[in-house]
Every structure is written in C-alpha cells, then in structure tokens.
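Worksheet: the structure to be examined is printed underneath.
Values quoted throughout were computed directly from the atomic coordinates according to the rules given, and no laboratory measurement underlies them. Fair warning: this is a prediction, and the values are worked out from it, not measured in the lab. Neighbour counts run over all protein chains shown; Cβ positions are idealised from the backbone, glycine included.
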Amino acid sequence: MTAPDAARTDYLLRLGDDSLILGQRLSEWCGHAPALEVDLSLANVALDLVGQATLLLGEAGDADKLAFHRDVLDFRNCLLVEQPNGDFAQTTARQLLFSTWQHMLLQRLESSEDRFLVEFASKAVKEVAYHRELASEWAIRLGDGTDESARRMADGLDWCWRFIPELFDVDESLQSLMDSGIAADPRQFEEEYRSAISAVLSEAKLEAPADQRPILGGRSGHHTEHLGHILAPMQYLQRTYPDAKW
Amino acid sequence: MSGDWPLWEVFVRTKGGLSHRHVGSVHAPDAQLALAHARDTYTRRMEGVSLWVVESKEINASDPDQAGELFEPAENKIYRHPTFYDIPDEVKHI
C-alpha cells in the first residue's frame, strides 16, 4: 500500500469508527430511554450512524471484519464517542458536541477531491443535520428546564468537554490527506464550532465548562477504558463463532 | 417522564397524497419536539412529505351519543347522491 492509500484507509477508519462506536453506544438506550418516543429517536440516530459505518468501513475494506475482528488498539474513533451514556443529559451533551462537529465536517467533505467521500458526505450530511438539531433542542430543554435537568445537563457537558480538542487535532496522517485535498481541515471550522455550541448553551441558559486538560489518543488507538466494554458485547458472537452467518 | 407530557395528534401527508391523514399520536413537551417525535415514530419508512401535529386537547369532537341525530338522517336521503342522471356517451371526463 502506498503512503497516500494508507492515510486514506486510516481516514475512512477514523470516520467509520466514530459512527460505529457512537451508534453502538446509542443503541444501548434501546428499551431504557426516558420515554417511548425518545427511545425511537435514539434508535433512529443509532441506525443512521451504523449505516454510515457500513459504508465507510466497506470502503476501507471488509466492513464486518473491521467491525467485529479488530481489538481496542486498532480502533480509530475519537474518545468522545466511546464515553458512557450516563443519564439522558450526558448522552445529549455527547450528541450535541459530536453531531455539531460531524455536521460541519461533512459539509466540507462534500467538496473533497475523493469521489467516494463526496457521495458519502452528501448523503450523510442530511442525517447528521437532524441529529444535531435534535441534540440542540434537547440540550436547550434540559438546560432551561428544572433545577435537576439543568444540573444534569451541566454535569454531562462537564464530562464531555475535555474530549473536544481531539476533534480538531491534526496529525501527520491527516495533514497528508488535507494536502491532497481529500480530507477537510477541522481547524478551519473550530471557531464556527465553538460559537455554534455557545449559541446553544446560551439559549439553554448554561455556562460553557472551563477548558480542561485535553485528552487525545483515540485517532492512534489509545483509548479510554470504556471502549473495551463496548466491543465485548458487540463482538461477542463473531469472536465466539468466527464467521458465523445468519 | 412521558406521562408529564401532553398528547399530540399526528397527521402525515404521504408522497402523492393530497391531504394530511391522521396516523396516531405521540407524547412531547412542546410542538417542536412533537414534530421530531412524529417524524421518528411515523415517517421512518419514507411515508411522509409533510407533518402536522396538534395538541389532542385542541380537537373538538362530536358526541358519540348524538350520532343518531347527527348522522342517521343522511342515510335515507339517496336523492342527495347524483345517481339518477343518464350521462350521454359523448360527454367525457365525468
């Protein structure tokens, strides 16, 4: 594999693993959400994300093998998406921070030099626009709701806040793809991102948490302890009965 | 949680459908989230191109006990249906 090909595969894994792991996380809510309607909303978002992962991992290689036969160190998702669901407010905080970033990224990938990424982005951007909208609406209602919902929403944001810098980190692999016009430079929309999040928080009557020591590493396989606990139930069947079909 | 929320009636206009049809109801804290819940509950299989939600308490319904006086008188007035005319073959588009 030539260097640009390796970087492209790495990029597809990063984007695909983001969607896969967050999709798996959200599906943990199935049957447990605060209301039947919210259960359906979260499952819909999860299914959109798993659909995105299928396309991205399928472009990177064999989607099933990549999803079910890799171990923690080989996953390239950002640390934000593997964070625990916590309560509904923490899930909402994570979704707001991720979907807003993903939406801005996909808008830029629509003018990538890579034909697959353009086609993928123009389909996924509509799904993610809705995820972002839904997460924003819930953040506003919880933040500007009761004392308890506001406290929970603030706690959820506080948990997720330290994982934002990783979303805008540019390493060598990403830089080489940006140079060839395939990847989008996240730093170009960091300011837009910060002000979009601030706008939602101010409507929600919430303070942005103070910036904390950033935690990075997901893009190179250094994950938090939570990822292994996601993979165990997700990969159990394929690990126990390799290549089982149904 | 959803027990605290008001009920909303959901109307969907389908692809090619001319009018919105009642499809069911959802719980939601306000109109905007009612639309989101309606979208996630009733339009997941490409059924819809337009959605209406209206809070159930805003709907005024006829009294089932009055069904006799309201609707039965129409049943024996067949002359209100235009079925007694012979239409000449030359007339098209009827």
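Need one value for A:133-141: mean number of C-beta atoms belonging to other chains within 10 Å of its residues' C-beta atoms. Intermediate values should be presented prior to the final figure.
On the way: counts 2, 5, 0, 0, 6, 3, 0, 1, 4.
If you average over the peptide's residues, the count of other-chain Cβ atoms is 2.
What's the ranking of A:74-84, A:35-45, A:11-21 by average number of surrounding C-beta atoms within 10 Å, highest first? Working shown, then result.
Numbers: A:74-84: 22.7, A:35-45: 21.0, A:11-21: 25.5.
Per-residue mean Cβ counts within 10 Å order the peptides as A:11-21, A:74-84, A:35-45.
Report, ordered by chain and residue number, the lysines lying within cross-link reach of A:Lys126, taken as a straight Cα distance under 26 Å and ignoring same-chain residues fewer than 8 apart.
Here the lysines satisfying the reach criterion relative to A:Lys126 are B:Lys15.
Around A:Arg151, with a cut-off of 11 angstrom between Cβ atoms, what is the net charge of the other residues, counting Lys and Arg +1 and Asp and Glu -1? Let's see the in-between values first.
On the way: positive: A:Arg152; negative: A:Asp87, A:Asp147, A:Glu148, A:Asp155, A:Asp158.
Net of charged neighbours comes to -4.
I need the peptides A:171-177, A:206-212, A:51-57, A:183-189 ranked by packing, meaning the mean over residues of other C-beta atoms within 10 angstrom, with the highest value on top.
Top to bottom by mean Cβ count within 10 Å: A:51-57, A:183-189, A:171-177, A:206-212.
About the Cα centre of chain A, what is the dipole size in debye to 20, counting +1 per Lys and Arg Cβ and -1 per Asp and Glu Cβ, all else neutral?
I would put it at about 280 debye.
Rounded if a/c is under 1.5, else prolate if a/b is larger than b/c, else oblate: which is chain A, with a ≥ b ≥ c the root eigenvalues of its Cα gyration tensor?
Working: a/c = 1.71, a/b = 1.25, b/c = 1.37.
Note, shape of chain A comes out oblate.
Is the stretch A:1-65 best put as rounded, prolate or oblate by its Cα gyration tensor, with a ≥ b ≥ c the root eigenvalues, rounded for a/c under 1.5, and otherwise prolate when a/b is larger than b/c, oblate when not? It would help to have the intermediate numbers written out before the result.
Details: a/c = 4.03, a/b = 3.54, b/c = 1.14.
Because a/c hits 1.5 or more and a/b exceeds b/c, the stretch A:1-65 counts as prolate.
Return B:Ile78, A:Ile230 ranked ascending by Cβ neighbour count within 10 Å, so the fewest neighbours appear first. Walk me through the intermediate numbers first.
Working: B:Ile78 9, A:Ile230 22.
Placing the least packed residue first, the sequence is B:Ile78, A:Ile230.
Is the shape of chain B best called rounded, prolate or oblate, per the rule: a/c under 1.5 gives rounded, else a/b larger than b/c gives prolate, else oblate, with a ≥ b ≥ c the square roots of the Cα gyration tensor eigenvalues? Present the calculation step by step, with values, prior to reporting the outcome.
Working: a/c = 4.94, a/b = 1.67, b/c = 2.97.
Because a/c hits 1.5 or more and a/b fails to exceed b/c, chain B counts as oblate.
What stretch of chain B, leaving out the sites themselves, is the longest with no trypsin sites (Lys or Arg not before Pro) in a DSSP loop having at most 16 other Cβ atoms within 10 Å? Don't jump to the answer; show the numbers that get you there.
Details: sites that count: B:Lys15, B:Arg44, B:Arg45, B:Lys77, B:Lys92.
It runs B:46-76.
So for B:Tyr85, A:Tyr241, fewest C-beta neighbours within 10 Å to most, what's the order?
Numbers: B:Tyr85 7, A:Tyr241 10.
Ascending Cβ contact count within 10 Å gives the list B:Tyr85, A:Tyr241.
Where does helix B:31-42 land angle-wise versus the long Cα axis of chain B, in degrees 0 to 90, nearest 10?
Approximately 70 degrees, to the nearest ten.
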